[in-house]
Every structure is written in structure tokens, then in C-alpha cells.
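**Student:** My structure is below; once you've seen it, I'll send some questions.
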Amino acid sequence: MAGVEEETFQADTIAEAFRQAAESRTDPRFSSVFKACSLLIDGVTAHPADLERPLEAPVRVEVLPPFAGGA
């Protein structure tokens, strides 16, 4: 749905970068699907407070869409 494998944003917080990503999409479902995703920041599970924390250096954010599986 995002249409890209990787993107780079200039932002002061991760939340700001996500707003930029949402604004650049034409599919209105992007934001709702994104809210259901899990996030990793530099390989560590992100929590809501992490998204508003000011960034002091570049970070890598991985967006993991919801999935089902198992036996």
C-alpha cells in the first residue's frame, strides 16, 4: 500500500516523518493500515512515546504490517 520498499524523510520526530509519509499518499487507507502496524526503531520495538521523542541522529524505522500465521 505504501508503494515503496524504503523512503527517507527529514523530520524532528518519527511522528512527523509518518505524517509526511501519509500526506504523500493518495490512498486514504494508508493511515488506517499504518496504525495497525508494529514499529521497530533501530531494531528495537517502538512504543507510542518514542514517536514524539526528538531525534538527535538519523534512525532506521521498520514498519511491520499486521500478519497472521502459526500452526
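**Student:** Summing +1 for each Lys or Arg and -1 for each Asp or Glu, what net charge is found among the other residues whose Cβ lies under 14 Å from the Cβ of Val33?
**Tutor:** +2
**Student:** Quickly estimate the mean residue ellipticity at 222 nm for the chain, helices only: each DSSP H run with n ≥ 4 gives -39500 (n - 2.57), and the total goes over all residues, rounded to 500.
**Tutor:** So the calculated ellipticity at 222 nm is -8000 deg cm²/dmol.
**Student:** Let me ask something else. Could you tell me the calculated FRET efficiency between Asp27 and Ala49, based on Cβ-Cβ distance and R0 = 25 angstrom, to the nearest 0.05?
**Tutor:** 0.35
**Student:** Further, regarding this structure: Counting C-alpha atoms alone, how compact is the chain: give Rg to one decimal and Dmax as a whole number, in angstrom.
**Tutor:** According to the Cα coordinates of the chain, Rg and Dmax are 12.6, 42 Å.
**Student:** Here's another thing I want to ask about it. Around Ala46, with a cut-off of 12 angstrom between Cβ atoms, what is the net charge of the other residues, counting Lys and Arg +1 and Asp and Glu -1?
**Tutor:** -2
**Student:** In addition: Can you give the relative contact order of the chain as a percent, counting alpha carbon pairs under 8 Å and 6+ residues apart?
**Tutor:** Relative contact order, the chain: 35 percent.
**Student:** Moving on. Rounded to the nearest 20 debye, what is the charge dipole size of the chain about its Cα centre when +1 sits on each Lys and Arg Cβ and -1 on each Asp and Glu Cβ?
**Tutor:** 300 debye
**Student:** May I pose another question? Only Cα pairs within less than 10 Å get springs; with that Gaussian network setup on the chain, which residue of Val44, Val61, Val33 has the largest fluctuation?
**Tutor:** Taking springs between Cα atoms under 10 Å, the residue moving most is Val44.
**Student:** Of the candidates Ala15, Ala57, Ala49, which one comes out as most mobile in a Gaussian network treatment of the chain with C-alpha springs shorter than 10 Å?
**Tutor:** Ala57
Only the coordinates and a few stated rules stand behind these numbers; no lab work does. Quantities reported herein were computed from a predicted structural model and do not represent experimental measurements. FYI the Cβ positions are ideal-geometry reconstructions off the backbone, even for glycines, and counts take in every protein chain you see.
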